[in-house]
1. Where the centroid of each part is defined by its Cα atoms, how far is region 198-247 from region 273-311 in Å?
2. Just to verify a number: FRET efficiency for residue 268 and residue 305, C-beta to C-beta distance, R0 = 45 Å, to 0.05?
3. Between residue 209 and residue 258, what length comes free when the chain is fully extended (0.36 nm per residue of separation minus the Cα-Cα distance, one decimal in nm)?
4. How far, in nm, would the chain grow between residue 316 and residue 51 when pulled straight, counting 0.36 nm per residue and subtracting the alpha carbon separation?
5. Go ahead and run the numbers for FRET between residue 395 and residue 356, Cβ-Cβ distance against an R0 of 56 Å, rounding to 0.05.
6. By how many nm would the segment from residue 434 to residue 250 lengthen if fully extended, with 0.36 nm per residue of separation less the alpha-carbon distance?
7. Using the basic label-point model (7 angstrom from Cα toward the beta carbon), what is the residue 417 to residue 184 distance in nanometres?
8. Work out the FRET efficiency for residue 276 and residue 410 from their Cβ-Cβ distance, taking R0 = 30 Å, and round it to the nearest 0.05.
């Protein structure tokens with residue numbers, strides 16, 4: 001029954017119930033057989049008591065040398081004397097104490113006289129009367145010891161009364177002992193029946209099934225239901241975490257798409273921007289939009305991660321509480337050790353599964369977070385590229401405009417200074433013209449008369465052209481100043497060596513003049529450069545001369 005009460009499964013409980021029913025049937029059959037045997041044994045008690053009483057009575061009768069007769073009864077304590085009667089038959093092996101008492105009493109019997117004793121109604125005994133002989137003591141001993149003779153009648157009366165009392169007690173107790181033995185038998189049988197019947201009633205299969213099997217089955221079902229419900233709650237929790245993760249992924253994807261659409265709409269603003277300030281506004285708006293998106297997404301990720309940790313921690317707490325509630329029968333609970341071991345293994349598997357699910361969800365969450373960041377970067381990359389390109393373009397335009405502005409300012413400044421230097425250049429050109437004429441005159445002195453005549457016929461053609469070219473520069477519509485026109489070289493036909501030397505000298509002068517004019521036209525030469533060029537030209541002229 002204890003094993004049935006502590007079974008750990010429904011199948012084992014059913015098997016134990018079947019085995020117990022077989023055992024109970026055997027016990028019931030054994031109990032009925034035992035009761036039958038017990039009744040037989042107990043029924044022997046009155047006969048055994050009667051046998052013992054007969055033995056006891058026979059010994060009493062033998063002790064007092066009596067015979068039991070069936071005759072009319074007389075009162076105890078008195079009786080009529082009758083003739084001699086037959087003495088009772090003694091036992092073959094009387095006990096020593098009885099033999100000693102019998103021998104002591106034998107000296108006090110008067111065998112010649114028989115009396116009838118009736119201790120109870122319907123029972124009579126015949127036996128010798130008591131007779132005590134007078135004491136025969138020496139005369140001197142009586143006086144010496146101061147002894148007085150004991151009355152013989154008193155001894156005879158006492159012994160007779162004692163014998164009647166013993167026989168009366170024997171006959172009265174005989175019936176009482178028989179009645180008591182019958183009562184003991186009846187009481188014992190009733191007691192055994194009252195004790196055995198409830199036990200047999202409890203051991204009936206119906207009562208065992210009602211009092212033991214069904215309560216234990218209900219406990220097993222309740223335990224299994226509690227564990228199943230707990231495992232189902234954990235499964236639902238993990239499923240809900242997975243589902244909410246998918247929903248969160250969908251929500252983040254939609255937010256990323258909205259961000260991508262917003263960034264795409266800002267590309268038109270970038271293309272329409274005409275200044276860096278417009279680009280700064282667009283860039284700030286883009287950064288604010290991305291910051292808000294990143295903050296929102298991070299809040300979603302963090303909230304979901306914290307929610308998963310909190311839910312799984314609560315599930316672990318419930319799991320631990322359920323494990324601690326499993327108390328065995330020795331601890332005052334209603335769980336068997338095998339049942340506790342089975343449920344512990346199952347709940348430990350649930351703990352490992354929760355740990356694996358948590359790691360899987362967090363890993364997937366990190367991957368989705370990284371993927372979301374990459375999607376945001378991919379969505380913002382075209383706009384950032386266009387912003388960078390547009391910014392570079394506007395920077396180039398701004399630099400060009402600044403360069404143009406600085407160049408115009410510089411040109412205006414240098415144009416003013418070039419007007420101041422124009423007079424100086426004119427004076428120097430005149431000086432160059434005089435130097436050229438003097439050089440030409442010296443060259444003509446060494447030439448032939450015909451060449452001299454040709455030179456004299458047009459002595460101022462080259463210098464005059466150079467002077468006019470230097471003095472009357474044309475207006476430059478781009479720079480807003482007068483530009484120096486390159487002077488045309490003089491075509492002087494000088495035959496012979498003098499003519500070649502003159503032509504070479506004139507060409508060198510013209511190149512010097514052109515160099516000075518071009519440097520002045522670009523506005524990149526200073527007054528010091530002009531003086532240096534002039535000194536170099538003078539040195540070259542002197543060497544040629």
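Throughout, read-outs are computed from the coordinates displayed, never taken from laboratory work. Keep in mind that this is a model prediction, so the values were computed, not measured. Positions of Cβ are backbone-derived with ideal geometry, glycine not excepted, and every protein chain shown enters the neighbour counts.
1. 52
2. On the way: r = 38 Å, r/R0 = 0.85.
E(calc), rounded to 0.05, equals 0.75.
3. Using 0.36 nm per residue and subtracting the Cα-Cα distance, I get 10.7 nm.
4. Values: separation 265, 0.36 × 265 = 95.40 nm, distance 8.15 nm.
Full-extension gain reported as 87.3 nm.
5. So the FRET efficiency works out to roughly 0.50.
6. Net length gain for the segment: 56.7 nm.
7. That separation, rounded to one decimal, is 15.8 nm.
8. For residue 276 and residue 410, the calculated efficiency is 0.75.
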